[in-house]
Every structure is written in structure tokens, then in C-alpha cells.
1. Would you say Ile90 is closer than 26 Å to Asn74 by Cα, β-branched (Val, Ile, Thr), at pLDDT 90 or above and out of contact with any Asp or Glu (no Cβ under 9 Å at 6 or more places or on another chain)?
2. If you check every pair at least six apart or on different chains, which have Cβ atoms under 8 Å apart with a residue in the range 119-135 that is farther than 12 Å from Asp103 by Cα first and a residue that is polar (S, T, N, Q) second?
3. In the range 87-102, which residues are part of a helix (DSSP H, G or I), open to solvent by less than 40 Å² (accessible area, probe 1.4 Å) and not aromatic (Phe, Trp, Tyr)?
4. When Phe105 is evaluated against the numbered criteria (1) within 16 Å of Ser70 (Cβ to Cβ); (2) open to solvent by 10 Å² or more (accessible area, probe 1.4 Å), which criterion, by number, is the only one it fails?
5. Is there any pair linking a residue in the range 69-84 that is under 13 Å from Thr167 (Cα atoms) and of a type in the set (Ser, Thr, Tyr) to one that is open to solvent by less than 90 Å² (accessible area, probe 1.4 Å) and at pLDDT below 90, with Cβ under 6 Å and at least six apart or on different chains, and which?
6. Only one of (1) in a helix (DSSP H, G or I); (2) at pLDDT 85 or above is not met by Ala67, so which one is it?
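The values are calculated or read from the model by the stated rules, or taken from the named source; none is laboratory data. A quick note: this is a predicted structure, and the numbers were derived from the prediction, not measured. Heads up, the Cβs are rebuilt from the backbone with ideal geometry, glycines too, and the neighbour counts pull from every protein chain shown. With ligands, DNA and RNA removed, areas are computed over all heavy atoms of the protein, side chains included. Shrake-Rupley method; radii C 1.70, N 1.55, O 1.52, S 1.80 Å.
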Amino acid sequence: MPQLTKSQIHEFIEEAKNLVDDEEEPFKTAAFQVILSRLISGEGSSESSSNTMVRVEAKQEEEQTIAKISIAENIVNYISSLGDPDKIPILWSMSDREWMKIDDFLSASADAGMTIAKSWSPKQGGNFNNRLYREKKLFVKKGEGKEATYKLSAEGKQKVKELLKSTE
């Protein structure tokens, strides 16, 4: 292993942190460790680190192709009785993914036995983007168009808490 100065190690740490900044756990930590190890060992430059990130992102996409929503049995009927604007944030909070595309969420909801009207799909009319993201600010958005992903905002998480409080 090459002899490194404290300054070089800090530079490598910063570079690795910057490369994984937009990733989600557990991939963020795993990618950081791999990149930092390669930088320190001299195997990686910024270019090879970027290639490593591309491989990590490809693996992440492959492993997370299908979102899953797990609903506790004691609240299935309650959630089913709600309108879509209330049902969507609750179901989103029960997903195994924090960030996802609307269509991925709609598929996961259907797989969990919860129907959401087609008008919430970006392809059908975009109620989600217009009402829940723009008007009510229940979600935050990353990206644009078909590649846009969303996650619950602080307001969205608070709304979920308020809605679920009535089931206690």
C-alpha cells in the first residue's frame, strides 16, 4: 500500500463522499467503502471511481426493480376506506423504498392489494404531480419527466402520522 499523507487521505475521503452523495443506503455505504479502498490502494483515480459508481448504480437498479409495500393487517380496512390523496402517502410510507417513480409505487400498491385510480399515473393525467407534490407539498421530487423520483416530504410524513393516529 502506498504511503499517504493525512491530507491525501482526507482528499480521497471527500472524493468518495462526493461520488456516493446521491445514493441511498445500503448502497451508499458499500459504494463509499469500495471507492475509498480503491483510491487509497492506488487502484482508482477519479475516472476509475466513476466507473465503479456506474457499476454500483447498475447493481442497485437491478436489485431494486420491484418496490414492495407491507401493510399491517390491522389497518388494511382503514387504508382501503380512504380516498387516494390520503391513501397514497400512507402506502408510500410502508414501502421498502424511500425514493421511487410514481409508476413503481402504483405497481407496488396493486401488488399489495390496494387500488389507486389511474389518474394518479403521470401517463393518465398527473394528479400525483399536481396535487400531492405541487399543491399539498406531501412529496419532494428529484429529476424530471419519466425519470423523476419522489419521496415523502416532512409535511407528508406528518400527514401520515396524523392519518394513522386515528387507527390507534
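1. Numbers: closer than 26 Å to Asn74 by Cα: yes; β-branched (Val, Ile, Thr): yes; at pLDDT 90 or above: yes; out of contact with any Asp or Glu (no Cβ under 9 Å at 6 or more places or on another chain): yes.
So Ile90 passes the test.
2. Here the result reads Gly125/Ser119; Asn127/Ser119, each pair linking the range 119-135 to a residue that is polar (S, T, N, Q).
3. So the first thing to find is which residues in the range 87-102 are part of a helix (DSSP H, G or I), and the list is 87-93, 102.
Next, from what is left, pick out any that are open to solvent by less than 40 Å² (accessible area, probe 1.4 Å): 87-92, 102.
Scanning the range 87-102 gives Lys87, Ile88, Pro89, Ile90, Leu91, Ile102.
4. Of (1) within 16 Å of Ser70 (Cβ to Cβ); (2) open to solvent by 10 Å² or more (accessible area, probe 1.4 Å), only one is false for Phe105: (2).
5. That search, which allows pairs on different chains as well, returns Tyr78/Thr167.
6. (1)
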